[in-house]
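Trainee: Dumping the structure here so I can ask a few things about it.
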Amino acid sequence: MAAWRRERPDLDVAPLEVLSRVSRLARHLELARREALEQLALPQWQFDVLTALRRAGPPYEMTPGELLAETLVTSGTMTHRVDQMASAGLVERLPDPSDGRVVRVRLTSRGREGVDGALGNLLERERALLGRLTAAEQRELAGLLRTLLEGFD
């Protein structure tokens, strides 16, 4: 920051003080996530689908359309992902009881064990990333980031 202020005193570089650090933190977080998921041989895309199903609560199922909204991928991509995960025994497809034309994707016990293990592993690494902050500082930072993101989400 000091170098930019020296070299470009005509510019207000204050945004770099925040956003460059957020960007660097995002890189550390991505590495921690990759390591946490690789340990369990779980690709990020599978983790995304499994966590969406797990957060849905019992019976841990959603329609493919609901999964699309949660994971922000195309329907063709989601179909392919569900196919692969069903073949691996992580999810199963079931007919919707109220509309036989609708398919529901349900987390299997194997999928639930996998996502629970991965989440525990990931949270351990994320806690380490935040370890220099007190619990109060973490809550304050979470609130500030929530406020900042409100304009985007």
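Coordinate-derived values only; no laboratory data. Computed from a prediction, not measured in an experiment: that's the story for all the values here. Don't worry about glycine lacking a Cβ; one is built from the backbone with ideal geometry, like all the others, and counts go over all protein chains shown.
Trainee: Could you run through segment 116-138 and say how many residues are over 19 Å from the mean Cα position of the chain (by Cα), of a type in the set (D, E, K, R) and part of a helix (DSSP H, G or I)?
Mentor: Adding up the residues that qualify gives 1.
Trainee: Looking at R106, R101, R112 in this structure, which one is among the charged types (D, E, K, R) and assigned to a helix (DSSP H, G or I)? Can you show your working first?
Mentor: Numbers: R106 fails: assigned to a helix (DSSP H, G or I); R101 fails: assigned to a helix (DSSP H, G or I).
Going through R106, R101, R112 in turn, just one is among the charged types (D, E, K, R) and assigned to a helix (DSSP H, G or I): R112.
Trainee: Counting only residues that are assigned to a loop (DSSP other than H, G, I, E, B) and charged (D, E, K, R), which one in segment 10-55 is surrounded by the most Cβ atoms within 10 Å (Cβ to Cβ)?
Mentor: Result: D12.
Trainee: With the requirement that a residue be part of a helix (DSSP H, G or I) and not acidic (D, E), what does segment 75-91 give you?
Mentor: Answer for segment 75-91, where residues must be part of a helix (DSSP H, G or I) and not acidic (D, E): S75, G76, T77, M78, T79, H80, R81, V82, Q84, M85, A86, S87.
Trainee: Residues of segment 56-83 being over 19 Å from the mean Cα position of the chain (by Cα), within 20 Å of V115 (Cα to Cα) and free of Cβ contacts under 8 Å to residues at least 12 places away in the same chain, which ones?
Mentor: Those that are over 19 Å from the mean Cα position of the chain (by Cα), within 20 Å of V115 (Cα to Cα) and free of Cβ contacts under 8 Å to residues at least 12 places away in the same chain: P58, H80, D83.
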